[in-house]
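A.B. asks: Dumping the structure here so I can ask a few things about it.
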Amino acid sequence: MERLNPQQRAAASVPSGPLLILAGPGSGKTSVVTARVGWLLSAAHVDPRAIVLVTFTKKAAGEMDQRLREIVGAPADDVLVGTFHAVALRFLQRNAHLRPGGRRPIIMDEAASRRVRGC
């Protein structure tokens, strides 16, 4: 928190509820989001399994995960961090038992498509 400016610190320590952060490139969004999760885990005592960090790129997700681990350590293991697609896939896989037949979803990429068509 000490590296954040006053506006960033205010966003990172909003007492409760969801928070949407909209800002331009290089404005410190990743720092604010990871500081907020760190604050939620340490100061607000939120269960890490109740937190989902979603971003657009693998690089940003990896950076958020790394920064979060530096801030809070082991509790970061239970925070779900990933891209929109990765988080959605994990959700579908973890809840496969709710689907008819209980089958886990698969990703249909080019190689899987050839196998299905027998090519």
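A short reminder: the numbers here are calculations on the coordinates, not readings from a lab. Everything quoted here is computed from the prediction, not taken from an experiment. As a convention, Cβ positions derive from the backbone with ideal geometry for all residues, glycine included, and neighbour counts pool all protein chains shown.
A.B. asks: By the scheme Lys and Arg +1, Asp and Glu -1, what is the net charge of all other residues having a beta-carbon under 15 Å from that of Gln66?
C.D. replies: 0
A.B. asks: I'd like the distance between the alpha-carbon centres of segment 7-27 and segment 66-93, rounded to an integer number of Å.
C.D. replies: Cα centroid of segment 7-27 versus Cα centroid of segment 66-93: 19 Å apart.
A.B. asks: Same structure, new question: Is the shape of segment 45-111 rounded, prolate or oblate, going by the alpha carbon gyration tensor and its root eigenvalues a ≥ b ≥ c, with a/c under 1.5 for rounded and a/b larger than b/c for prolate? Let's see the in-between values first.
C.D. replies: Values: a/c = 3.27, a/b = 1.56, b/c = 2.10.
Cα axes put segment 45-111 in the oblate bin.
A.B. asks: Amide H of Leu80: which non-local residues (sequence gap of 5 or more, or other chain) have their own amide H closer than 5 Å, using H built in the peptide plane?
C.D. replies: So Leu80 has HN proximity to Ile51, Leu53.
A.B. asks: Add +1 for every Lys or Arg and -1 for every Asp or Glu among the other residues with Cβ under 12 Å from the Cβ of Val81, and state the total.
C.D. replies: Computed value for this residue: 0.
A.B. asks: In square nanometres, what is the average projected area of the Cα convex hull of the chain?
C.D. replies: Averaging across all directions leaves 9.9 nm² for the Cα convex hull.
A.B. asks: Below 14 angstrom from the Cβ of Leu20, what's the summed charge of the other residues (Lys, Arg +1; Asp, Glu -1)?
C.D. replies: Net charge around Leu20: +2.
A.B. asks: Right, something else. Each label point is 7 Å from the Cα along the Cα-to-Cβ direction; what then is the distance between the points at Ser16 and Asp77, in nm?
C.D. replies: Result for the modelled spin labels: 2.9 nm.
A.B. asks: Mean residue ellipticity at 222 nm from the helices of the chain, using -39,500 (n - 2.57) per DSSP H segment of n ≥ 4 over the full residue count, to the nearest 500 deg cm²/dmol?
C.D. replies: Details: 5 runs with 55 residues, N = 119.
Computed ellipticity for the chain at 222 nm equals -14000 deg cm²/dmol.
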